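To start, the structure itself, in structure tokens.
The values are calculated or read from the model by the stated rules, or taken from the named source; none is laboratory data. Remember, predicted model here, so these are calculated numbers, not experimental data. For neighbour counting, all protein chains shown are included, and Cβ atoms are generated from backbone atoms with ideal geometry for every residue, glycine included.
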Amino acid sequence: MVRRNSIILVALLTALTLTATLAPTALAKNSKPPPSQYNGPPISGLLASAADFSGETPGIGTVDKATCTDGTDLGGGNIRINCDAINLPHNEVTIAIDPTNPNHIVAGSNDYELFFQGNSVVQRVIAGYYTSFDAGKTWLNGHINPDGFTFNGDPAVAFNTKLGLVHYGTINSNGGQAAGFATASILLSTSSDGGQTFGFPKVVALGTGSSRNVLFNDKPYIAVDNNPTSPFYGRLYVTWTHFTFDQFGRYISSPIFLSFSDDGGQTFSAGKEISGTSSTLCANPGNSFNSNICNENQFSTPVVGPDGTLYVSYQNDEFQGPQTG
């Protein structure tokens with residue numbers, strides 16, 4: 001039987017090549033809508049979860065600046081790391097361990113908060129961070145500043161051993177259910193005190209639009225070259241999915257993009273598409289004009305090898321054939 005499957009592709013990139021080739025890529029422009037309705041790979045679960053709270057008004061309210069410490073033993077080896085007692089979820093958890101100190105851990109999650117605005121209950125989605133210096137026994141909690149956006153989330157955390165930093169990547173966006181989710185952008189916040197506090201974020205990639213002619217950046221993930229013998233020791237990599245939609249609000253493509261920073265996340269190279277082409281693996285796209293171009297993707301993950309080579313895996317939805325193919 002023939003069926004459409006998601007496949008995992010791997011982009012093999014040498015850091016040396018990236019230095020010379022990262023450059024801006026233009027947004028695809030289509031004058032006609034796709035021939036059939038194809039919605040593309042799934043967009044951020046952060047947005048789907050936020051839209052589930054139909055009884056509250058999303059995207060507004062004051063971010064709680066307070067920090068607290070938890071480490072409640074729930075039994076069975078489980079330790080609670082979040083301090084709040086609000087009956088709303090935390091999801092899309094990420095975690096990283098300091099390569100130089102196994103007792104030092106930093107985690108992140110989408111944190112769904114409730115606030116009162118007059119007589120109304122309002123909801124805010126904010127990126128939470130959780131830091132431990134005692135191998136997970138106790139945890140300091142805080143929030144990543146959305147810096148002008150109404151919410152942030154989709155967390156990704158990594159340590160930078162060369163510079164003694166902790167990096168935290170997010171998707172930041174505006175709007176809510178009624179207005180749609182607008183200007184979805186990739187930002188990066190950095191801590192110089194081991195994850196006790198994080199500074200204002202830096203922009204990696206800006207999104208545009210809210211419903212039509214949209215450039216929607218989604219699902220960032222980060223990695224640092226922590227290999228002292230690598231020629232790119234200390235380089236921070238960010239990968240994400242670059243969704244585009246046409247003037248009819250219909251899905252065009254979602255290639256994987258890459259940017260890097262050599263100054264501890266203060267500045268970033270222009271994003272570049274890296275997901276490539278394949279007439280074998282990407283021959284049956286949802287949108288026919290994407291045939292042989294591997295740009296109906298999601299969920300990228302960068303990893304750095306000991307020699308400084310960057311490997312990026314991601315999910316591609318353009319393969320049709322036997323499940324074992």
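General observations
- Under the condition of being of a type in the set (Ser, Thr, Tyr), closer than 22 Å to Trp240 by Cβ and surrounded by fewer than 24 Cβ atoms within 10 Å (Cβ to Cβ), the residues counted in the stretch 109-168 number 2.
- Number of the exception - Asn103 against (1) in a loop (DSSP other than H, G, I, E, B); (2) among the polar types (S, T, N, Q); (3) surrounded by 13 or more Cβ atoms within 10 Å (Cβ to Cβ): (3)
- Whichever residue in the stretch 127-171 is in contact with a Pro (Cβ under 6 Å, 6 or more places away or on another chain) and not in a strand (DSSP E or B) and, among such residues, is nearest to Pro99 (Cα to Cα): Thr161
- Residues within the stretch 139-155 that are in contact with a Leu (Cβ under 9 Å, 6 or more places away or on another chain), of a type outside the set (Asp, Glu) and modelled with pLDDT of 90 or more, tallied: 5
- Residues of the stretch 103-138 satisfying the condition of being at pLDDT 85 or above, closer than 17 Å to Asn91 by Cβ and out of contact with any Gly (no Cβ under 6 Å at 6 or more places or on another chain): Ala107, Gly108, Tyr112, Ile126, Gly128, Tyr130
- Any chance Phe257 is within 21 Å of Gly169 (Cβ to Cβ), of a type in the set (Phe, Trp, Tyr) and in contact with a Ser or Thr (Cβ under 9 Å, 6 or more places away or on another chain): yes
- For the stretch 231-250, the candidate set comprises residues that are surrounded by fewer than 24 Cβ atoms within 10 Å (Cβ to Cβ), over 16 Å from Val304 (Cα atoms) and not hydrophobic (A, V, I, L, M, F, W, C); within that set, the residue that is farthest from the chain's Cα centre (by Cα) is Gln247.
- Which listed residue, of Pro201, Pro228, is at pLDDT 95 or above, buried (at least 22 other Cβ atoms within 10 Å of the Cβ) and either more than 21 Å from Phe299 (Cα to Cα) or of a type in the set (Lys, Arg) (or both): Pro201
- Looking across Pro322, Pro302, one residue alone is at pLDDT below 95, farther than 26 Å from Gly209 by Cα and not basic (Lys, Arg). It is Pro322.
- Any hit, the stretch 275-292, residues being at pLDDT 95 or above and within 24 Å of Thr170 (Cβ to Cβ): yes
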